[in-house]
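Every number in this text was worked out from the coordinates using simple rules, so none of it is lab data. Everything numeric in this text was worked out from a predicted model, so none of it was measured. Note: ideal-geometry Cβ built from the backbone for every residue, glycine included; neighbour counts use all protein chains shown.
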Amino acid sequence: MEFDRALRAVAGVVQASRASPAEGIPENSIGEHQRVHAAALMRVNHVGEVCAQALYQGQALTARDPSARQALEKAAREEEDHLAWSAQRIRELGGRPSLLNPLWYAGALAIGAAAGALGDRWNLAFLAETERQVEAHLTGHLEALPQDDRRTRAVVEAMRADEARHRQTALGLGAAELPEPVRRAMRLASKVMTSVAYRV
Ligand SMILES: [Fe+2]
Ligand SMILES: [Fe+2]
């Protein structure tokens, strides 16, 4: 079951439970250069969502409190939507997902399980900080994406709104505050991930 989930995440065959925010928005013609850039940015976001699958899976495996587990499962379902939406948008833009997805997944699962082993409070702290960084990262993408690419922008905006809620959920469940060196290490790791995934 969990293994199945991992496979689907890595292979990118996930069914969204909510329609893509891009639905109904006309496809504007953007230049070739812009299109390739947008596809690469969406590949980065897709990798982020592959990692989110692994993190939430790690969380669900280790969360002790039932209400926490329920809230995490709801967020995990929304992350599946993100995964499906970003994969779809990559295809529409003529790009392809990261070749390193199995690697990203394995790394995130290991980190998620390690955070989980420290107990719910730290588990949630890690999750809250991840969501905060993803939200900031998506804000950056909204600045970098072509203004005319309204379909991509709609997907990124909707994801960003969800991530902000996920963070609030984690905080509401009693997330601890991560020490600054840990946050810095996380920022560094995500920087490496995003610059590699932009290309590969
Ligand atoms: Fe997400
Ligand atoms: Fe999220």
Taking 0.36 nm per residue of separation between Glu180 and Asn28 and subtracting their Cα-Cα distance, the length gained on full extension comes to 50.5 nm
Out of the GluC sites (Glu not before Pro) in the stretch 18-54, which ones are loop residues according to DSSP with at most 13 other C-beta atoms within 10 Å? Glu23, Glu27
For Arg18 and Asp65, compute 0.36 nm times the residue count separating them, minus their Cα-Cα distance, and round to one decimal in nm. 14.2 nm
Could you pull out the trypsin sites (Lys or Arg not before Pro) across the stretch 51-124 that fall in loop regions by DSSP (anything but H, G, I, E, B) with no more than 13 other Cβ atoms inside 10 Å? Arg64
Determine the relative contact order of the chain: mean sequence separation of Cα pairs under 8 Å and six or more apart, normalised by residue count, in whole percent. 31 percent
At a Förster distance of 22 Å, what's the computed FRET efficiency of Ala144 paired with Leu100, Cβ-Cβ distance as r, to 0.05? 0.55
Please work out how much length the chain gains when fully extended from Asp4 to Lys74, using 0.36 nm per residue of separation minus the C-alpha to C-alpha distance, in nm with one decimal. 23.4 nm
Distance between the C-alpha centers of the stretch 112-172 and the stretch 25-82? Whole Å please. 8 Å
